[in-house]
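The block underneath contains the structure these notes are about, expressed in structure tokens.
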Amino acid sequence: VTATGANGCVSAAPATITIIVGPPTAFIAASKGKICAGESVTLTASGGFTYNWTGLTGNGNTQIVTPTVTTTYEVFALGGNGCVSTTPAKITIEVVPAIVSTLADINVCAGDPATLDAGAGPNYTYLWSTGATTQTITTNVPGSYSVEISNGTCSKLFTAQIINPDLPQFTNVVYDKEMLTISASNPTGGVLEFSIDGGVNWQVSNIFYNVLKNTNYSLVVRTQGAKCSTSLQFFTFVLNNAITPNNDGANDYIDFNGIINYKNFAASIFDRYGAELFKADKSNTRWNGSLKGINLPTGTYWY
């Protein structure tokens, strides 16, 4: 409609009014169509004066939602005439599965390589702190490593360490009466196991029986199941420390025969003043307590 005044002037612009007939049409939009688990998204409705959200409270045109799984939302629009849209507007928000990783700390012997595995997943890409972009990396350098995993929508940072664990150390070894007893430190607190044949056979007990005298053994100790260990060469050196050289067939001499075949063999016996009384060689390994055929007096002598 336009208006004409008494002076003949006509309104510059007509006045208009819109008559809405029938129900409105609802529309809906989202700030994101695909989100990571834990993220929120804003839903915005249009086409009405007020809105009825299915399963949500409030009748405004916006909603902030945090779905945990892929979810479809719908809204009805209400017009100014009280009519409601015959069908709702719908939108589906896809929740991308959370990024997970198998990355874990690795204990490895010093100098040995370790492989860190970030794990596989849908559309996963990787960026390690080393700059690598592969699922796994291998290195023998201990320390902390991180990897950022992305799936095209989300990213997550994971961290793990390569550790050279403290190894058990020998603290004492005692050989007595064919029994070998090993003592060792236990820095990790785990179960220790022992070997006296260089790691071929293992046992949890630190005591070994029927161990031969004057024999070289390769002692090894480790945390049970570990790849790295500590080694020690131990010689079960045994000589009688008392003799009664009275020709009765018992303890009549000290015999070096058990060790003469070892490298750099040398043996001498001295009196308390340091005078050498006997020198052994491979053809003369026994001393019967005499010097030049004369029996020496009862006393303490040194070998």
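Applying the criterion of being open to solvent by less than 80 Å² (accessible area, probe 1.4 Å) and part of a strand (DSSP E or B) to the residues of segment 126-140, the residue that is farthest from residue 208 (Cα to Cα) is 126. The number of residues in segment 188-210 being within 15 Å of residue 226 (Cβ to Cβ) and surrounded by 12 or more Cβ atoms within 10 Å (Cβ to Cβ) comes to 8.
Only one entry of 111, 121 meets the criterion of being outside any strand (DSSP E or B), more than 15 Å from the chain's Cα centre (by Cα) and either modelled with pLDDT of 95 or more or closer than 26 Å to residue 41 by Cα (or both), and that entry is 121. Being at pLDDT below 85 and polar (S, T, N, Q) is a condition met by at least one residue of segment 261-269. Pairing residues of segment 141-156 that are more than 22 Å from residue 98 (Cβ to Cβ) and open to solvent by 30 Å² or more (accessible area, probe 1.4 Å) with residues that are of a type in the set (Val, Ile, Thr) and part of a loop (DSSP other than H, G, I, E, B), at Cβ distances under 9 Å and at least 6 apart in sequence or on separate chains, gives 142/108.
Applying the criterion of being open to solvent by 40 Å² or more (accessible area, probe 1.4 Å) and closer than 16 Å to residue 241 by Cα to the residues of segment 261-288, the residue that is farthest from the chain's Cα centre (by Cα) is 288. Which residues, counting only those in segment 97-125, are open to solvent by less than 40 Å² (accessible area, probe 1.4 Å) and free of Cβ contacts under 8 Å to residues at least 40 places away in the same chain? Matches in segment 97-125: 119, 121, 124.
The values are calculated or read from the model by the stated rules, or taken from the named source; none is laboratory data. In this text, all values refer to a predicted model and were calculated from it rather than measured experimentally. Cβ coordinates were reconstructed from backbone atoms using ideal geometry, including for glycine residues, and neighbour counts include every protein chain displayed. These accessible areas exclude ligands, DNA and RNA; they are computed on the full protein's heavy atoms, side chains included. Shrake-Rupley method; radii C 1.70, N 1.55, O 1.52, S 1.80 Å.
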